[in-house]
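Undergrad: The structure under discussion is supplied below as structure tokens; questions concerning it will follow.
Values in this text are rule-based calculations from the coordinates and carry no lab data. Since the model is a prediction, treat every value here as computed from it, not as a measurement. When we count neighbours, we look across all protein chains shown, and the Cβ atoms used for this are built from the backbone with ideal geometry, even at glycine.
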Amino acid sequence: MAALTKGRKTPRFAGGGLRNLPVAASAVCFTGGLAIAAAGQARAGREGQGADNTAKAADAATYRAVGVFLKDVTGGSADGDVRVDVQEGVFAFKNSAAADEITQVDIGKPCFVVDDQTVAKTSPNSTRAAAGIVQEVGPEGVWVDVSLTNSALLAA
């Protein structure tokens, strides 16, 4: 699976609030991409960053999935120079493959951020943040309830 290279229309199932968040410096965010807050700054969903799994896990532990981006934006030269609207709700994302593929038996369970359009069943070495709760699996992908509340509860 590859991260987005341009904006896309992400199918939305229902509900959710609207947030306006500061964007991390130089972060590239695409419409419909899964948004995370990292140290309070919005950026595209991703796995934890670092030199090894310990560093990646520590980084991922600071991420909170907050919804999807409502427009394409690129962060300015400093954190918060640009702001973006993010919609909470139930959205369809691409499914991982093989052992990380989400199936019907995973409905009601947490799933994890791979990138800004892909979710997975697991978080190997705790290097992925919780994306939200699986609501459905269908031809559109994995329907996930993404909100700051769910993300915070799953991280606790």
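Undergrad: Distance between the C-alpha centers of region 68-97 and region 115-148? Whole Å please.
TA: Region 68-97 and region 115-148 have Cα centres separated by 15 Å.
Undergrad: Need one number: nm distance between label points at residue 2 and residue 156, each 7 Å from Cα along Cα→Cβ, rounded to one decimal.
TA: The answer from the label model is 4.0 nm.
Undergrad: Still on this structure, I have one more. Mean-square fluctuation check for the chain, GNM, Cα pairs under 10 Å: which of 126, 96, 77 is largest?
TA: 77
Undergrad: If you don't mind, another one. When the helix-only estimate is applied to the chain (DSSP H runs of n ≥ 4, each -39,500 (n - 2.57), divided by the residue count), what is the mean residue ellipticity at 222 nm, nearest 500 deg cm²/dmol? Numbers along the way, then the final one.
TA: On the way: 2 runs with 16 residues, N = 156.
Mean residue ellipticity, 222 nm, calculated: -2500 deg cm²/dmol.
Undergrad: Follow-up. What does the extension gain come out to for residue 122 and residue 18, with contour length at 0.36 nm per residue minus their alpha carbon separation?
TA: Values: separation 104, 0.36 × 104 = 37.44 nm, distance 2.77 nm.
Extending this stretch completely gives an extra 34.7 nm.
Undergrad: So, in nm, how far is label residue 99 from label residue 26 when the simple model puts each one 7 Å beyond its Cα toward the Cβ?
TA: 3.5
Undergrad: Using only Cα positions of region 28-73, each an equal point scatterer, no hydration layer, compute I(q)/I(0) via Debye at q = 0.30 Å⁻¹ and quote the log10 values to two decimals.
TA: -1.00
Undergrad: So if each residue of separation counts as 0.36 nm, and I subtract the Cα-Cα distance between residue 39 and residue 107, what length gain in nm does that give?
TA: Length gained between residue 39 and residue 107: 21.5 nm.
Undergrad: Moving on to the next point. What are the lysines whose alpha-carbon lies under 20 Å from the alpha-carbon of residue 9, with same-chain residues fewer than 8 places away excluded?
TA: Partners found: 71, 94.
Undergrad: Still on this structure: In terms of modelled amide H atoms, which long-range or inter-chain residues lie less than 5 Å from the amide H of residue 72?
TA: Close amide H contacts, sequence-distant or interchain: 31.
Undergrad: Could you point to the residue in 98, 70, 119 farthest towards the positive end of region 12-155's charge dipole, with +1 and -1 charges on the Cβ of Lys/Arg and Asp/Glu respectively?
TA: 70
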